[in-house]
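Here's the structure we're looking at; comments come further down.
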Amino acid sequence: LNDKETFDFIDEIYKNDKDVLFFLIPHVKSVADLAVKIAQKQNADVDFVYRASLLHDIAIFMTNAPKIHCKGDAPYIQHGVLGKKLLEEHGLFREAIVAQTHVGVGISANHVIKNNLPLPPIDMIPSTLEEEIISYADLFFSKTPQTLTTPKTIEQVVRDIKRYGDDSYEIFEKWHKRFGTY
Ligand SMILES: [Fe+2]
């Protein structure tokens, strides 16, 4: 998909969901802008990072998140695995991995089991440079008006990731050392 096709694809999926797009588009554009800046400095695959950033939250409409007008049945935490499935159905296999691994700093099988999360008990952890960059960039932007396009402070990010597991802070620190100066 080129840039236009990527936006057309999002529009196609969200044609009846203008209220969700109102949150989704500014969020994914903010993530894409930051991720692309990092990707350029890191010699990562910039085109892919841009496209996968735009698509990483594609499945939020299937979840139950009334604040951002998502009226689906699935728990919000499933938007990653649902996104993987949806993107795979459209042949977007590499982007699908980003969707699955981008929640928090990644979610381990161990964390799923320990916390009885409604997720498959498998490791869903970013492993390629591109996956790591997008996950890192995503941590700075929420889907609430305050941090939709204005990045969170480092303190806010750190506070918010703690819920994804005990070692989440160390993973963030590691990423922040590599990506955080841009
Ligand atoms: Fe996101």
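Couple of notes before you dig in:
- Filter result (buried (at least 21 other Cβ atoms within 10 Å of the Cβ) and modelled with pLDDT of 95 or more) within the stretch 21-43: LEU24, HIS27, VAL28, SER30, VAL31, ALA32, LEU34, ALA35, ILE38, ALA39
- Being closer than 22 Å to ILE25 by Cα, within 14 Å of the ligand (Cβ to nearest atom), modelled with pLDDT under 95 and not in a loop (DSSP other than H, G, I, E, B) is a condition met by no residue of the stretch 132-144.
- If you go through the stretch 112-140 and pick out every residue that is without any contact (Cβ under 8 Å) to a residue 60 or more places away in the chain, crowded, with 22+ Cβ neighbours inside 10 Å and farther than 14 Å from GLN100 by Cα, you end up with 1.
- Residues of the stretch 49-80 satisfying the condition of being among the hydrophobic types (A, V, I, L, M, F, W, C) and under 15 Å from HIS27 (Cβ atoms): ALA52, LEU54, LEU55, ILE58, ALA59, ILE60, PHE61, ALA65, ILE68, CYS70
- Residues located in the stretch 13-58, provided they are more than 13 Å from the ligand (Cβ to nearest atom) and not in a helix (DSSP H, G or I): TYR14, LYS15, ASN16, ASP17, GLN42, ASN43, ALA44, ASP45
- Evaluated against (1) within 16 Å of the ligand (Cβ to nearest atom); (2) without any contact (Cβ under 8 Å) to a residue 12 or more places away in the chain; (3) not hydrophobic (A, V, I, L, M, F, W, C), LYS174 falls short on exactly one condition, (1).
- Considering the stretch 84-111, the residues that are over 25 Å from VAL158 (Cα atoms) and of a type in the set (Gly, Ala, Ser) include one that is farthest from the ligand (Cβ to nearest atom), namely GLY91.
- Evaluated against (1) within 16 Å of the ligand (Cβ to nearest atom); (2) of a type outside the set (S, T, N, Q); (3) over 23 Å from GLY106 (Cα atoms); (4) modelled with pLDDT under 95, ILE10 falls short on exactly one condition, (4).
The values are calculated or read from the model by the stated rules, or taken from the named source; none is laboratory data. In this text, all values refer to a predicted model and were calculated from it rather than measured experimentally. Cβ: placed from backbone, ideal geometry, glycine included. Neighbour counts: every protein chain shown.
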